[in-house]
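Here the structure comes first, spelled out in structure tokens, and everything after it is commentary.
The values are calculated or read from the model by the stated rules, or taken from the named source; none is laboratory data. None of the values given here were measured: they were computed from a predicted structure. Because the Cβ atoms are built from the backbone with ideal geometry, glycine has one as well, and the counts that use them run over all protein chains shown.
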């Protein structure tokens, strides 16, 4: 089985030149799943497929650089003349639904839930979408946040979401073929606020401890030197390492 991961947005906290905020398209076993929908990312999504062609959307947490484009998806689906009556399955961490429904409150005769079929997910939850399995773990971040493990026959990809690391991320990433991990900062973790984000070296340490095969670093803060991110991470992690960029596709195949 082959899994394709397309980066739709990889910027941390705010957009940059040619870089949208967090969004990733998973394609496997005939299913399309959107992981996060940060600012601008669904514009890139529509280079790959129509919003209505998604089978599900997963939102890691309520910070707007990970979820705000769901408002645009709402209007896209609402006004799509070819959309069937099916509501889009949405699997989201706590507080996402309240934020987005609040933004639409009083704006439309339709509600958010007329378009989306919302399911709150948290630590230990499991969702099956065709042959694709999703498992969730709590992430260390100031608001309720989940990391996501995506498995399809012979292939495993893990997305950290925003995370300061910790044992739950290491465990859910265990033996993954590819870990898509945030690396917001560089330098010494002690120089940054605690329990918020990972440094490049911290993300590499998570990859080492989890025994992952490939590490793709994402959610890099706008002013951060990407070459320094790569240098600090490669000084810790010896496997395949790359810095995410918008519209780059990673093909993940079973290990031989």
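Quick notes on this structure:
- Residue 67 vs. criteria touching a strand residue (DSSP E or B) at 6+ places or on another chain (Cβ under 6 Å), crowded, with 16+ Cβ neighbours inside 10 Å and modelled with pLDDT of 95 or more: yes
- Residue, nearest to residue 51 (Cα to Cα), within the stretch 94-135, restricted to residues that are part of a strand (DSSP E or B) and in contact with a helix residue (DSSP H, G or I) (Cβ under 8 Å, 6 or more places away or on another chain): 116
- Checking 43, 38, 23 one by one, the residue that is farther than 20 Å from residue 217 by Cβ and at pLDDT 95 or above is 43 and no other.
- Taken over the stretch 221-239, residues that are in contact with a strand residue (DSSP E or B) (Cβ under 8 Å, 6 or more places away or on another chain) and modelled with pLDDT under 95 amount to 5.
- If only residues of the stretch 30-44 that are surrounded by 16 or more Cβ atoms within 10 Å (Cβ to Cβ) and at positive phi are counted, the one that is farthest from the chain's Cα centre (by Cα) is 40.
- All of (1) outside any loop (DSSP other than H, G, I, E, B); (2) over 20 Å from residue 57 (Cα atoms); (3) modelled with pLDDT of 95 or more hold for residue 142 with one exception: (1).
- Candidates 86, 62, 78, 47 - the one that is surrounded by fewer than 14 Cβ atoms within 10 Å (Cβ to Cβ) and in contact (Cβ under 8 Å) with a residue 40 or more places away in the chain: 47
- Residue that is nearest to residue 156 (Cα to Cα) [pool: residues in the stretch 24-59 that are touching a strand residue (DSSP E or B) at 6+ places or on another chain (Cβ under 8 Å) and part of a loop (DSSP other than H, G, I, E, B)]: 29
- Unique match (being buried (at least 19 other Cβ atoms within 10 Å of the Cβ) and within 23 Å of residue 19 (Cβ to Cβ)) among 156, 199: 199
- Hits in the stretch 1-23 - residues which are surrounded by fewer than 23 Cβ atoms within 10 Å (Cβ to Cβ) and outside any strand (DSSP E or B): 1, 2, 13, 14, 15, 17, 18
- Residues (touching a residue at least 40 places away in the same chain (Cβ under 8 Å) and either closer than 18 Å to residue 46 by Cβ or crowded, with 23+ Cβ neighbours inside 10 Å (or both)) located in the stretch 92-102: 93
- Filter result for residue 167 (over 20 Å from residue 231 (Cα atoms), free of Cβ contacts under 8 Å to residues at least 12 places away in the same chain, surrounded by fewer than 24 Cβ atoms within 10 Å (Cβ to Cβ) and over 17 Å from the mean Cα position of the chain (by Cα)): yes
- Among the residues of the stretch 176-218, the ones that are in contact (Cβ under 8 Å) with a residue 60 or more places away in the chain and either part of a helix (DSSP H, G or I) or farther than 21 Å from residue 63 by Cβ (or both) come to 2 in all.
- The stretch 219-238, residues that are part of a loop (DSSP other than H, G, I, E, B) and either at positive phi or loosely packed, with under 15 Cβ neighbours inside 10 Å (or both): 219, 222, 223, 225, 235, 238
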